[in-house]
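Report on one structure; see the data block that follows.
The values are calculated or read from the model by the stated rules, or taken from the named source; none is laboratory data. In this text, all values refer to a predicted model and were calculated from it rather than measured experimentally. Reconstructed Cβ throughout: ideal geometry from the backbone, glycine too, with neighbour counts over all protein chains shown. Surface accessibility is based on the protein's heavy atoms, side chains included, excluding ligands, DNA and RNA. Shrake-Rupley method; radii C 1.70, N 1.55, O 1.52, S 1.80 Å.
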Amino acid sequence: MENLIAKYTNTGIEAIAAGLLAAFVAQVIKITLDIIINKRVDFRIFTTTGGMPSSHSAGVVALSTIVGILDGFTSTMFAVAIGYAFVVMYDAAGIRRASGKMAVCLNKMVADFYKHDVNAAGTKLKEMLGHTPKEVFCGAILGVVFAFFFHYIILL
């Protein structure tokens, strides 16, 4: 087992694994929080966007952090990875969140307009698309912590 772990340490596979696993952990946290808050189990949360913490942020920040650990925090690869992370986090808290707010408004307008026959309007738009800045920030912190834990605790 040690040879297998050593074989994939300090490679791109470690970076990919850290990013994917951090996003997975964020999704598990979302389900756990939903169980605690709503006293029910809803596994659909695992495949939806939005919520606390942002799994997108956790994944891209974990990836960037591992790249920094492996290649150095002053490397070009880290600069590219962190730039990618900022774009994803900006999108999650900005554009996707605004789209979700628009969906809420449009769903209300459609419901008001088609009071007599709501089904005539078609399906309801998905409203939970983006994240609050707090959700993005918590996802980013999770990504950093997970990456260091993954590299220095799990792989060593």
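Step by step: first the residues of the stretch 32-83, then only those that are in a helix (DSSP H, G or I) and among the aromatic types (Phe, Trp, Tyr), then the one that is modelled with the highest pLDDT. Which residue is that?
Here the residue is 78.
Every test in (1) over 27 Å from residue 12 (Cβ atoms); (2) open to solvent by less than 70 Å² (accessible area, probe 1.4 Å); (3) at pLDDT 70 or above is passed by residue 99 save one, and that test is (3). Taking residues in the stretch 44-71 that are over 15 Å from residue 21 (Cβ atoms) and open to solvent by less than 10 Å² (accessible area, probe 1.4 Å), and partners anywhere that are modelled with pLDDT of 95 or more and among the charged types (D, E, K, R), not one pair has Cβ atoms closer than 9 Å while being at least 6 places apart or on different chains. When the stretch 31-52 is filtered for residues that are aliphatic (A, V, I, L, M) and over 11 Å from the mean Cα position of the chain (by Cα), the ones remaining, listed by number, are 31, 33, 35, 36, 37, 41, 45.
Looking across the stretch 124-156, the residues that are among the β-branched types (Val, Ile, Thr) and either part of a helix (DSSP H, G or I) or modelled with pLDDT of 85 or more (or both) come down to 136, 141, 144, 145, 153, 154.
Restricting attention to the stretch 30-80, the residues that are farther than 26 Å from residue 14 by Cα and hydrophobic (A, V, I, L, M, F, W, C) total 7. Quick one: would you say residue 117 is open to solvent by 20 Å² or more (accessible area, probe 1.4 Å), acidic (Asp, Glu) and at pLDDT 70 or above? Against the criterion (open to solvent by 20 Å² or more (accessible area, probe 1.4 Å), acidic (Asp, Glu) and at pLDDT 70 or above), residue 117 does not qualify. What's the number of the condition residue 26 fails, among (1) hydrophobic (A, V, I, L, M, F, W, C); (2) assigned to a helix (DSSP H, G or I); (3) without any contact (Cβ under 8 Å) to a residue 60 or more places away in the chain? With respect to (1) hydrophobic (A, V, I, L, M, F, W, C); (2) assigned to a helix (DSSP H, G or I); (3) without any contact (Cβ under 8 Å) to a residue 60 or more places away in the chain, residue 26 is out only on (3).
Checking each residue in the stretch 5-31 for being at pLDDT below 90 and surrounded by fewer than 19 Cβ atoms within 10 Å (Cβ to Cβ) picks out 5, 6, 7, 8, 9, 10, 11, 12, 13, 31.
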